[in-house]
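Values quoted throughout were computed directly from the atomic coordinates according to the rules given, and no laboratory measurement underlies them. Note that the structure is a prediction, hence the values are computed from the model and not measured. Don't worry about glycine lacking a Cβ; one is built from the backbone with ideal geometry, like all the others, and counts go over all protein chains shown.
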Amino acid sequence: MGNPKGVRRDFAGLEQRRLRAARLLEKGVIQSQVARQVGVHRQSVSRWAQQLEKEGRPGLKQAGRAGRKPRLSALDPERIERALKRGPEAFGYDTGLWTSARVADLIEQECGIAYHPGHAWRLLRQLGWSCQRPTGRALERDERAIAQWKRKR
């Protein structure tokens with residue numbers, strides 16, 4: 001279930017709720033009443049009571065963050081941006097376009113972390129860059145014939 005999209009969790013508020021429940025439990029209030037007073041499900045209070053028994057109040061402190069920890073270090077985005085500024089030709093590509101597949105390859109070369117091309121754009125966005133897509137052109141394309149056709153038309 002969780003929070004609605006775009007709404008951040010209030011970690012400090014959640015911690016205050018757990019600590020309030022801990023105070024009530026320590027006073028001897030039964031778990032179902034604690035759940036009603038704090039405004040949570042009884043199972044949450046049961047879990048908190050177990051944590052309180054095992055670890056004390058420090059066991060109810062906030063976790064610190066939600067979600068998976070980033071695989072890139074704090075310095076890696078700077079290294080990636082410096083490499084992006086050198087251009088794709090510096091890495092052996094024929095054209096000067098950074099596609100998401102090329103960026104994923106660059107991340108693996110520079111940081112040793114494999115990113116799926118579909119997710120490399122997120123890192124680009126964080127750095128203020130955008131993915132580029134090369135225009136599709138036919139291999140049989142004759143530039144001289146096209147220029148002549150444009151002059152006549």
Difference of contour (0.36 nm per residue) and Cα-Cα distance, Trp129 to Ser44: 26.3 nm
Value at 222 nm in deg cm²/dmol, rounded to 500, when DSSP H runs of n ≥ 4 in the chain each add -39,500 (n - 2.57): -17000 deg cm²/dmol
Extension reserve of the Ala74-Arg137 stretch, reckoned as 0.36 nm per residue once the Cα distance is removed: 18.7 nm
Average Cα contact separation per residue, the chain, under 8 Å, 6 or more apart, as relative contact order %: 14
Difference of contour (0.36 nm per residue) and Cα-Cα distance, Thr95 to Phe11: 25.6 nm
At R0 = 41 Å, FRET efficiency that the Cβ-Cβ distance of Ile113 and Lys152 yields, to 0.05: 0.15
Cross-link reach list, lysines versus Lys85, counting only Cα pairs under 28 Å and skipping chain neighbours closer than eight places: Lys69
Relative contact order [Cα under 8 Å, 6+ residues apart], the stretch 76-127, whole percent: 32
